[in-house]
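Worksheet for the structure shown next.
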Amino acid sequence: MSRKLLVVSGAAVYLFLYLPLLIVVAYSFNDSKLNAEWVGFTWHWYKLLLDDDSMLKAAGNSLMIALTASFASTVLGTMAGYALYRYRLKLLPVLIMAPLAIPEILVGVSLLIFFVAINLTLGLGTIMLSHIAFCVGFVAIVVRSRLSGMDESLFEAARDLGATPWQAFRLVTLPLIAPGIVAGALLAFTLSIDDFVITFFTAGVGASTLPLQIYSMIKIAVTPEVNAISTLLMLLTLFLIVVASRVSPGSVRGR
Amino acid sequence: MGKNLGKWLISGPPVLYLVVFFVIPTLIMVLASFRYPGEYGGLAPIMRHDASGAHINLTLESYQEYFSDFIYSWLFLKTLAYAVITTFFCLVMAYPLALLIAKSARKYRDLLVLLVILPFWSNFLIRIYAWMIILGPQSVFSQLLNGFLGLFGIDPVRLLFTPFAVVVCLIYVQLPFMVLPLYANLEKHDPALLDAAQDLGANGWQRFWRVTFPLSLPGIYAGIALVFIPVLGIFAVPDILGGTRGIMIGNLIKQEFLEARDWPFGSALSIVLTVSAMIIVGLAALAARRRVGRDV
C-alpha cells in the first residue's frame, strides 16, 4: 500500500476513535439542553452535578467500592501473580484466565444466581465481592509480568547470604516488584470504578454506582449533565492511567 | 515440606476466592439451567415433595424451549451476523492503522499505540453515549446526512435505535482489540522481504498481497478472536442504541433475569451462548492452524 494512502486512512481511524469522545466533552460545556447545536459556553451542567444528591451518593458508593475492591484484589492478585511466577501450578492459571475470557454478562448473571442462592442481600457488599473477583486476574497478570522482568539471582543472593525465604521476599523481591503492585492496584481501581455489566447484575435495587447512575440517566432522559459526569470520569481515568504508566511502564497495555 | 507449605499459603487465598466467587457461581448457573423457575421469579426448589415421597425437581424444559421456538435461534443467528459484520469492519479499519504504526519510526510507535488504547480506557457507557449523541435525530451528522439524501428526494432516515447504530458502536468499542494483535504481528516483519520482492519486480499491491498479508495471517486470526467473542455477549450497546429491532442475545439474557424473571431459561441461554462461542473459537483455531501451517 502506498504511504500516502496509509497515512490518510490511519488518520481517519484515529479521528473515528477520538471524535465521539471529544463531542461528549464539548457538549458538557454547551449552554443548551440538547446535544445538537452549539449555543454558548457554560459551567451550568457541572454545577448541576454538585446539587444532584443521587449522583453524589452514587459517586461516593463508586469510590468506596473501588477503594475496597482494589485493596483486596491487590493483596489476592499479588499473591496469585507471585504464585504463578514461582510455582508450577495447574488450577491457578486457569482460574486467572477463565474469567477474562468468558463474556462479562455470564460472570454477572452467575454471581447474581450465586448471591441469591446463598441468601446474601444484593447491594454494595455483593458489588464489592464481585469486583474483587474480576480484578484479581488483572492484578495477577501485571504483577506476574513485573516479576518475570526481575533478576532472579538477587533473590538467590539474599538466600545465600543467610536470609530466610520470607526475609528474602520482603527485603528483596517485594521492593523490586512494588511498582508492578502499585500499577496493578491502579488498574483494579479503574476497572472497578468503570464497571457496568457485572455491577448491573449484582447491585440489586437500592445500591447505585456512577456507571449505573449514568445508565439510568441515558435510558430516561439525556441531558448534558451526563456529558459533565462523563467528562469528569474520563479525566479521573486518564489521571490514573498516567500515574500507572509512570510507576510501571508497559502495565497499561494489559487490559 | 517447607516449600509446599509456602506454595499453599501463597496460592491458597486467591485460589479459594476465585473458586468461591467464580467456579461455584458458574456451576450453580449450569445447574440452574436444569431447574424450574420459581413461582415469583428465581428458582424452584431442587427437591419436590409429594404423597409418593421426595423427587429431584430437574428438567430439560429450558433447553427444549430454546430449540422448539425458532425465534431464539433467529436471535442467536442475528447476534452472530452482527459479530461477523463488526469483525469484518474492524479488520478493514484496523489493518491500515496497524501497518502505519508498524512502518512509523521506532520512537513514535509506542505513542501511536498508546493513542489507540487510550479511548478504550474511558467508561464503556460513555463510549455508547457518544454514539447516541452523534446518531441522534438532531445531531449535526443526522442533519447533514438527511439534507444530502433530501437532494435526491430520499426521505429522512432514522439512525438511532436501529441495528445500524448497534453495529457502528460495536465496531467502535472493539476496534482496539483488532489493532493491537495486528500491530504486534506486522511490527516483526523483516523489511528485507519486501525489498527482495521489489528486486524481483513486484509492484506495491503485489508486495502487499503476496508478502505482507500472508505473513500477517496469525495476527489477523488473533484479532478476529479478540473482536468476535466479546461481541456475542454484549448487551449494553443494543440496549441503549438498538431500539426493538436491534436487540441481541445478551438483551434476552438480561430480560430473562431482570424482567421476565425466568432464571432457568436465562441460564440455558447463557450456556448455549458460551458453548457456541467455544465451538466457534475451537473451529477457528483449527482452521487457523491449518492455514498458517500451509502459508508460512
Inset, instruction - With the checklist (1) crowded, with 20+ Cβ neighbours inside 10 Å; (2) in contact (Cβ under 8 Å) with a residue 24 or more places away in the chain in hand, flag the one item residue A:150 doesn't pass. - result: (1)
Inset, instruction - Residue by residue through the stretch B:100-126, note down the ones that are modelled with pLDDT of 85 or more and open to solvent by less than 10 Å² (accessible area, probe 1.4 Å). - result: B:101, B:113, B:116, B:125, B:126
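Can you tell me which of A:66, A:59, A:98 is part of a helix (DSSP H, G or I), free of Cβ contacts under 8 Å to residues at least 24 places away in the same chain and within 23 Å of the chain's Cα centre (by Cα)?
Working: A:66 fails: free of Cβ contacts under 8 Å to residues at least 24 places away in the same chain; A:59 fails: free of Cβ contacts under 8 Å to residues at least 24 places away in the same chain.
The match here is A:98.
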Legend entry - Considering residues of the stretch B:4-51 that are over 20 Å from residue A:102 (Cα atoms) and facing chain A (nearest Cβ under 7 Å) only, the residue modelled with the lowest pLDDT: B:42
Inset, instruction - May I ask you to list pairs of residues, at least six apart or on different chains, whose Cβ atoms are under 6 Å apart, with the first in the stretch A:153-182 being assigned to a helix (DSSP H, G or I) and the second being open to solvent by 70 Å² or more (accessible area, probe 1.4 Å)? - result: A:168/A:159; A:172/A:154; A:177/A:146; A:180/A:146
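Going by the conditions given, is residue A:50 open to solvent by less than 30 Å² (accessible area, probe 1.4 Å), free of Cβ contacts under 8 Å to residues at least 24 places away in the same chain and out of contact with any strand residue (DSSP E or B) (no Cβ under 6 Å at 6 or more places or on another chain)? Before the answer, list the steps.
Working: open to solvent by less than 30 Å² (accessible area, probe 1.4 Å): no; free of Cβ contacts under 8 Å to residues at least 24 places away in the same chain: yes; out of contact with any strand residue (DSSP E or B) (no Cβ under 6 Å at 6 or more places or on another chain): yes.
No; evaluated as a whole, the condition is false for this residue.
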Legend entry - Qualifying positions in the stretch B:185-241 - buried (at least 18 other Cβ atoms within 10 Å of the Cβ) and not in a helix (DSSP H, G or I): B:216, B:234, B:235
Inset, instruction - Take the stretch B:261-277 and flag every residue that is more than 7 Å from every other protein chain (Cβ to nearest Cβ) and closer than 9 Å to residue B:37 by Cβ. - result: B:261, B:262, B:264, B:265
Legend entry - Members of the stretch A:1-29 found to be closer than 17 Å to residue A:238 by Cα and open to solvent by less than 30 Å² (accessible area, probe 1.4 Å), listed by number: A:17, A:20, A:21, A:24
Legend entry - Selection within the stretch B:127-163 - touching a residue at least 60 places away in the same chain (Cβ under 8 Å), in a helix (DSSP H, G or I) and open to solvent by 30 Å² or more (accessible area, probe 1.4 Å): B:163
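Restricted to the stretch B:2-21, and to residues that are surrounded by fewer than 16 Cβ atoms within 10 Å (Cβ to Cβ) and among the small types (Gly, Ala, Ser), which residue is farthest from the chain's Cα centre (by Cα)? Let's see the steps before the verdict.
First, pick out the residues of the stretch B:2-21 that are surrounded by fewer than 16 Cβ atoms within 10 Å (Cβ to Cβ): B:2-5, B:7-9, B:12, B:16, B:19-20.
Remaining after also requiring among the small types (Gly, Ala, Ser): B:2, B:12.
Values: B:2: 45, B:12: 32 Å.
Step by step, filter the stretch B:2-21, then rank; the result is B:2.
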Inset, instruction - Please find, within the stretch A:93-119, the residue that is farthest from the other protein chains (Cβ to nearest Cβ) out of those that are crowded, with 20+ Cβ neighbours inside 10 Å and under 17 Å from residue B:15 (Cβ atoms). - result: A:96
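The values are calculated or read from the model by the stated rules, or taken from the named source; none is laboratory data. Keep in mind it's a predicted model, so treat the numbers as computed, not measured. We place every Cβ from the backbone using ideal geometry, glycine too, and count neighbours over all the protein chains shown. Only protein heavy atoms, including side chains, enter the accessible area calculation; ligands, DNA and RNA are left aside. Shrake-Rupley method; radii C 1.70, N 1.55, O 1.52, S 1.80 Å.
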